[in-house]
1. Looking for something out of contact with any Phe, Trp or Tyr (no Cβ under 8 Å at 6 or more places or on another chain) and among the aromatic types (Phe, Trp, Tyr) - is there at least one such residue anywhere in the stretch 273-285?
2. What are the residues in the stretch 30-50 that are over 19 Å from the mean Cα position of the chain (by Cα) and touching a residue at least 24 places away in the same chain (Cβ under 8 Å), if any?
3. So for the stretch 52-63 (the condition being over 17 Å from Ala299 (Cβ atoms), buried (at least 20 other Cβ atoms within 10 Å of the Cβ) and at pLDDT 95 or above), does at least one residue qualify?
4. Considering only the stretch 286-298, how many residues are in contact with a Ser or Thr (Cβ under 8 Å, 6 or more places away or on another chain) and charged (D, E, K, R)?
5. Filter the stretch 255-273 for residues that are in contact with a helix residue (DSSP H, G or I) (Cβ under 9 Å, 6 or more places away or on another chain) and not small (Gly, Ala, Ser) and give the result.
6. Scanning for something modelled with pLDDT under 95, part of a helix (DSSP H, G or I) and surrounded by fewer than 16 Cβ atoms within 10 Å (Cβ to Cβ), does the stretch 31-41 turn up at least one residue?
7. Give the residues of the stretch 199-251 that are over 21 Å from Gln303 (Cα atoms) and of a type in the set (Phe, Trp, Tyr), sorted by residue number.
8. Would you list the helices (runs of 4 or more DSSP H) that sit entirely within the stretch 93-188 and hold 2 or more residues that are crowded, with 20+ Cβ neighbours inside 10 Å and modelled with pLDDT of 95 or more?
Amino acid sequence: MHIIDKLAQRIERVNNPTVMGLDTQVSHLPKEFSALHRTPAQGILAYNRALLEGLADIVPCVKVQIAYYEMLGLEGMEAFSKTLKMAREMGYVVIADAKRNDIGATATAYAAAFFEKGADFECDILTVNGYLGRDGIEPFTKYAPEKGIFVLCRTSNPSAGDLQDTGGDEQDYARMGRLVAGMDGKVGDLATAPQRVYERMGCLIEDWGKDTVGERGYSAVGAVVGATWPEQSVALRKAHPSTFFLVPGYGAQGGTAKDLAGCFDAKGGGAVVNASRSLLAAWQKQDTDDFVSAARREALDMQKALREATT
């Protein structure tokens, strides 16, 4: 099944476009809970399992950030692998947040590591850095549409504009116009050609995914578009109606439901919104030991806020 169609179907089933980000650290675990396990990696894996079991009926998708597992060494990577597998077995659409990319041969190895059936790190969707161009992307898109990627486009971090907002001189317009002309077979309109790096990346992402569009009208090559940049997200959604968005930056990073409303299409679809710390540490915010109930309340509050902002 086309992976984005599957994601959209699951979002509709639970009526919630929330992604639970499992950027799990020991600081997120209740002390009593952490004390039950011999090592940090074991505690994190058990905590992930409890949250996955507790939120499966209201959250459609999880994103597992590899960095927090890598820093725990081999046992951490085992916890990463088991978390991916648990989540997929429970019916979640699973994103591995590893931001992989390299030259073609190395990208091929990365793609096999995350997309081959039965691989230790098999996931449904992988985050990818597209700045090496097409030859670093095609090894991943060979697994489409059953597998998908989210390519960094306009990221949520404060300094994103240092690179992503650059561009716009006359030569840049001309180059982008030729690129657009090459995509659709028409003469590009240089006066309206994208001028910034993130806009160019948006066009490339659309081009890379043009042969992988599913029944819902979205391709298996999506874009990472931060909730912290509402003006840019509105422009990207308008320019790229067939690109599905993964939206980080909600909650702890400062993005609100109102900020990210422009990432969704006219029907309230076309995007999923990640929440990590706000779910993982909800029990701390709510001052309760019942971490699963606290995470559920936070997810339901997020569901309500997103639906109100997009309808």
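1. Within the stretch 273-285, none of the residues are out of contact with any Phe, Trp or Tyr (no Cβ under 8 Å at 6 or more places or on another chain) and among the aromatic types (Phe, Trp, Tyr).
2. Pro30, Glu32, Phe33, Thr39, Pro40, Ala41, Gln42, Ile44, Leu45, Tyr47, Arg49, Ala50
3. Checked against the condition, which is being over 17 Å from Ala299 (Cβ atoms), buried (at least 20 other Cβ atoms within 10 Å of the Cβ) and at pLDDT 95 or above, the stretch 52-63 yields no hits at all.
4. Qualifying residue count, the stretch 286-298: 1.
5. Passing the criteria: Thr256, Lys258, Asp259, Leu260, Cys263, Phe264, Asp265, Val272, Val273.
6. yes
7. Trp208, Tyr218
8. Where helices (runs of 4 or more DSSP H) fall fully within the stretch 93-188 and carry at least 2 residues being crowded, with 20+ Cβ neighbours inside 10 Å and modelled with pLDDT of 95 or more, they are 104-115, 138-141.
The values are calculated or read from the model by the stated rules, or taken from the named source; none is laboratory data. It should be emphasised that the depicted structure is a prediction, and the values quoted were computed from it without experimental measurement. Reconstructed Cβ throughout: ideal geometry from the backbone, glycine too, with neighbour counts over all protein chains shown.
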